[in-house]
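K.L.:
What follows is a single structure, and I will ask about it in a moment.
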Amino acid sequence: MAKAGGTIRIKAKLKGLDERRAQLEARAESVRSVAVRAAQAGAGVIRAAADAGAPSPGSVDTRTVVLSRKGQVRVDIGPDKKHWYHMFFELGADPHEIKPKLVKRLRFAVGEIVIFARAVQHPGMAARPFLRPALDERQGQAVAAVGDVLRGAVEGG
């Protein structure tokens, strides 16, 4: 497991892959499709737990990436595009100034009062992670889900 740029990664090495590949090919199912299903099953376990703890339920998404040259599958788990700012809940934020980029002033509505400002000082926020705890709590279940898919493919179930 490594944390890089706010992304949590789990790496698993499979032993006996050549033997399993031959068994899968005998069943006419591609190794890649099984690897994708297995990775998605494991990621689904972690995504469900993360979504339950997310600031907005239903905001955690997965994205499957097949690295064809290496024969690897990666499933990214994190906030969906609409909830991109949830990364600040996961990692926290230092105090910082917010300035407008495309207009001259920022506009805020507080009830019926509209406030314009050239810049505002954000106080920052402490991290309130939801992805990392999901990984820590459900890692064993995720590995078991991956194993179930692989076992089912090899045994023909």
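The values are calculated or read from the model by the stated rules, or taken from the named source; none is laboratory data. Because the structure is predicted, anything quoted here is derived from the model rather than measured. Note: ideal-geometry Cβ built from the backbone for every residue, glycine included; neighbour counts use all protein chains shown. To get the accessible areas, we keep the full protein, side chains included, count just its heavy atoms, and leave off ligands, DNA and RNA. Shrake-Rupley method; radii C 1.70, N 1.55, O 1.52, S 1.80 Å.
K.L.:
Please compute the net charge surrounding residue 101, taking Lys and Arg as +1 and Asp and Glu as -1 over other residues with Cβ under 14 Å from its Cβ.
P.N.:
+4
K.L.:
Count charges around residue 123 for me, please; just the other residues with Cβ under 13 Å from its Cβ, Lys/Arg as +1, Asp/Glu as -1.
P.N.:
Surrounding charge for residue 123 is -2.
K.L.:
How much length would be gained if the chain were fully extended between residue 136 and residue 101, taking 0.36 nm per residue of separation minus their Cα-Cα distance, in nm to one decimal?
P.N.:
Length difference between fully extended and current span is 8.7 nm.
K.L.:
Expected output is a single nm value to one decimal: the length gained when fully extending between residue 56 and residue 115, i.e. 0.36 nm times separation in residues minus the C-alpha distance. What is it?
P.N.:
Once the chain is fully extended between residue 56 and residue 115, it gains 18.5 nm.
K.L.:
Once the whole set of protein chains is in place, how much accessible area is left on residue 56, using a 1.4 Å probe, in Å² to the nearest 10?
P.N.:
30 Å²
K.L.:
Not counting ligands, DNA or RNA, and with a 1.4 Å probe, what is residue 148's accessible surface area in Å² rounded to the nearest 10?
P.N.:
90 Å²
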